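The block underneath contains the structure these notes are about, expressed in structure tokens.
The values are calculated or read from the model by the stated rules, or taken from the named source; none is laboratory data. As the structure is a computational prediction, the values presented were derived from the model and not from experiment. Cβ atoms come from the backbone with ideal geometry, glycine included; neighbour counts cover every protein chain shown.
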Amino acid sequence: MDWNEYTRMFVGLFAIVSPISVVPLYLSFTENIKHRRQAVARTTAFSVACIFIVTMLLGQSILAFFSISVDAFRVAGGILLMSIAFGMLQVKNNRTGHTPEEDQEAVDSASVAVVPLAMPLLAGPGSMSTVILFSNQTEGTIDQLAFFIICLLVALIIWGILHFAPQIGDRMSQTAMNVTTRVMGLMLAAMSVEFIVGGLRNLLPGLA
């Protein structure tokens, strides 16, 4: 794999995580614990990194245990990512990310960093599917190490965005956040098409 592939993986994973879109929810969830916001940001980023790494290491083993082919998972994951991308393009909160019940629980919970910020808002089904699909494309130790670094880099950016979330919320209008979310959604939609087409091409070679 070359630098173009690594860049595509980074952009794809960052797009599905879309930490900018989580800033309003993060500020809302931590409204009553402003003095702990920095600790929440660190714990959230660390939790996301752990989820990504565990998914990267065990994702393919889980698929093998359930006798699910990588191509079938690629199609299913692509469809899931497409549905999330449509929600991002319309700037809607997708219920695969979180539920109103989780939101209310988070307001009164000391573990808001882990649930629902890290799981499932940031490291939800879509991002975990993306990690599994990308890890399957790695070949050799260098590629795996590079993807490991990409996961850590995304987690580091998440920490940075949450760390400066109050400043971002003050300076960035809701319109700007919506535009950013739509751009990320467009990138994610294009990537989901590649996943679906690649999976169908191997499952149904007659269509190629």
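List of remarks:
- Condition met for LEU145 (closer than 25 Å to GLY87 by Cα, assigned to a helix (DSSP H, G or I) and out of contact with any strand residue (DSSP E or B) (no Cβ under 9 Å at 6 or more places or on another chain)): no
Table: residues versus (1) without any contact (Cβ under 8 Å) to a residue 40 or more places away in the chain; (2) of a type in the set (Phe, Trp, Tyr); (3) farther than 12 Å from ILE16 by Cβ; (4) touching a Lys or Arg at 6+ places or on another chain (Cβ under 8 Å).
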{"site": "ILE150", "(1), (2), (3), (4)": "no, no, yes, no"}
{"site": "TRP159", "(1), (2), (3), (4)": "no, yes, yes, yes"}
{"site": "GLY199", "(1), (2), (3), (4)": "no, no, yes, yes"}
{"site": "LEU203", "(1), (2), (3), (4)": "no, no, yes, no"}
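- Tally, over region 62-76, of residues that are closer than 12 Å to GLU194 by Cα and among the β-branched types (Val, Ile, Thr): 1
- Unmet criterion (only one of (1) in a helix (DSSP H, G or I); (2) within 22 Å of ASN136 (Cα to Cα)) for MET1: (1)
- Extreme residue, nearest to PRO166 (Cα to Cα), among residues of region 32-55 that are charged (D, E, K, R) and free of Cβ contacts under 8 Å to residues at least 60 places away in the same chain: LYS34
- Contacts under 6 angstrom Cβ, first residue in region 119-132 being more than 13 Å from PHE14 (Cβ to Cβ), partner part of a helix (DSSP H, G or I) and at pLDDT below 85, 6 or more apart: SER129/GLY77; SER129/LEU80
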